[in-house]
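Here is the structure we will look at.
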Amino acid sequence: MRLAVFTDLDGTLLDHDTYSYSAARPALEELKARGIPLILASSKTAAEIAPLHAELGLGDWPAIVENGADRIAPGALSEDAPEYEKLRAALAGMPEHAQHFKGFGDMNAAEVARVTGLPLANAALARKRRFTEPGLWSGSEGQQEAFLAALSQKGIHARKGGRFLTLSFGGTKAQQMAGILADLGCDRSIALGDAPNDIEMIEAATYGVIIRNNHGTGIPPLPGEQTGRIRRTTLPGPEGWNAAILDLLADLGL
Ligand SMILES: [Mg+2]
């Protein structure tokens, strides 16, 4: 068996309030001791993920960025952003529809810090986008429908999250997971997440873990929970992550 672990960050490996992973240290060390790849999978940009990837000592293992729009090798970060530039050009080409959409590209770092709650330095990294454009919508429902229809004609998808409407040319965490498993030659996977944008990844994995979420909508009951293929933690964030990984390694005889 060749196993790889895929994990969401905020509210999953990282504590919702402190952004600390310290409660997950025992399980992180067990994975490292067994040489099991740990793949970070987040809505964050490559620039935001790189420092954490280095701190965790994940070496050459790839990461899934911008909610599955791409997978990157953190050692070889590129600043090229042709897809992001295409998104921004498309918005500029439809001023009627886009006037109520304020993307990160329309904000400076201080504004991004204000709307996300991120520290200023992290907000600057969150603006280093290459594939997707999150933004705030200030128009009516009807205007948003017209906006989404105009975007769709240009091949642009929109995903509604808690606060942001995020535009992209597609790609999900689950699609990137399949590509990485093939690249690494792995035949089993564990995926952990705490929010609806993690559901596809959790359902596609050999073993899924739903991390308790005390702060958002969380993940509704999934069919795999009845068969035991998907489990749900009683503890939130990194505490739940730690317990789930240690239990799974024991169950798999690793
Ligand atoms: Mg999350």
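Rule-based calculations on the coordinates, nothing more; no lab input. Just so it is clear, the model here is predicted, and its values are computed rather than measured. Cβ coordinates were reconstructed from backbone atoms using ideal geometry, including for glycine residues, and neighbour counts include every protein chain displayed.
Points to keep in mind about this one:
- Whole-angstrom gap from the range 1-77 to the range 135-210, using each part's C-alpha centre: 18
- Size of electric dipole in the chain: Cβ of Lys, Arg +1 and of Asp, Glu -1, about Cα centre, debye, nearest 20: 100
- Rounded to 5, percent antiparallel among DSSP beta bridges of the chain: 40
- 222 nm mean residue ellipticity, helices alone, for the chain (DSSP H n ≥ 4; -39,500 (n - 2.57); rounded to 500): -11000 deg cm²/dmol
- Trypsin sites (Lys or Arg not before Pro) within the range 1-37: DSSP coil, no more than 16 neighbouring Cβ in 10 Å: Arg2, Arg34
- Database remark: amide H of Arg232 closer than 5 angstrom to the amide H of Ile210 (H placed geometrically; neighbours at sequence offset of 5 or more, or on other chains; Pro and chain starts carry no H).
- In Hz, Karplus ³J(HN,Hα) per residue of the range 211-221 (6.51, -1.76, 1.60; θ = phi - 60°; x = Gly, Pro): 8, 4, 10, 8, 10, x, 5, x, 10, x, x
- Each Cα pair under 8 Å and six or more residues apart adds its separation to the average, and for the chain the resulting relative contact order is 24 percent.
- Karplus-based coupling profile of the range 3-10, in residue order and whole Hz: 10, 10, 10, 10, 9, 5, 9, 4, with θ = phi - 60° in 6.51 cos²θ - 1.76 cosθ + 1.60 and x standing for Gly or Pro.
- Debye, to nearest 20: dipole size of the range 125-168, +1 on Lys, Arg Cβ, -1 on Asp, Glu Cβ: 380
- Cα gyration tensor, the range 71-128 - rounded (a/c under 1.5), prolate or oblate: oblate
- Within the chain, no helix built from a complete DSSP H run reaches 27 Å or longer along its own axis (Cα positions) while carrying a mean Kyte-Doolittle hydropathy of -1.0 or higher.
- For the range 108-254, with +1 on Lys and Arg beta carbons and -1 on Asp and Glu, the positive-most of Gly224, Thr116, Ala250 along the dipole: Thr116
- Residues whose amide H lies under 5 Å from that of Phe169, counting only those 5 or more places away or on a different chain, are His157; hydrogens are built 1.01 Å from N in the peptide plane.
- Assuming charge only on the beta carbon of Lys and Arg (+1) and of Asp and Glu (-1), the dipole of the range 1-122 about its Cα centre is about 260 debye to the nearest 20.
- Over all orientations, the chain has a Cα convex hull whose mean projected area works out to 13.6 square nanometres.
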